[in-house]
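To keep things clear, I will list the structure first and then write my remarks on it.
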């Protein structure tokens, strides 16, 4: 902190601080007391039209057609592959199984020591248990699974959109 050698210099600094504080308080009070004036849409340049008392069937049909053509809720602006209906009967034929995309993986055990190997079940395109190593890949496309890490009691398997950490349930 600088000590002021002359009394006049100290007074000038105090007056400067007092003036700054007073101006800031005045600006704050002015900002708080000022209410913005509402502007009409016409003064800003927005064209307005009065709403009709009731819409006709033709007007509603035209509006519905415009909305469905623009399809604002789909990124690709195309209709869905499957039509929505709450009354569809569910059966094996019309349900796309997500179990192929997300298999039920089970770790049956680990073998060895560094490098570890694991006995996995539920891998795509393989029935029963399979001995795997780090870096092993199974399936293709959306069913692709890669064994990322194997430790004494756990295995990490990464899919396209899911990562599993499988734990040994009990020692052999």
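The values are calculated or read from the model by the stated rules, or taken from the named source; none is laboratory data. No experiment lies behind these values; they were computed from the predicted model shown. In this analysis, Cβ positions are derived from the backbone assuming ideal geometry, glycine residues included, and neighbour counts consider all displayed protein chains.
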Can you work out which of the residues in segment 124-147 that are outside any strand (DSSP E or B) and either at pLDDT 90 or above or touching a helix residue (DSSP H, G or I) at 6+ places or on another chain (Cβ under 9 Å) (or both) is nearest to residue 102 (Cα to Cα)?
124
Could you run through segment 148-164 and say how many residues are within 26 Å of the chain's Cα centre (by Cα) and either modelled with pLDDT of 95 or more or surrounded by 14 or more Cβ atoms within 10 Å (Cβ to Cβ) (or both)?
6
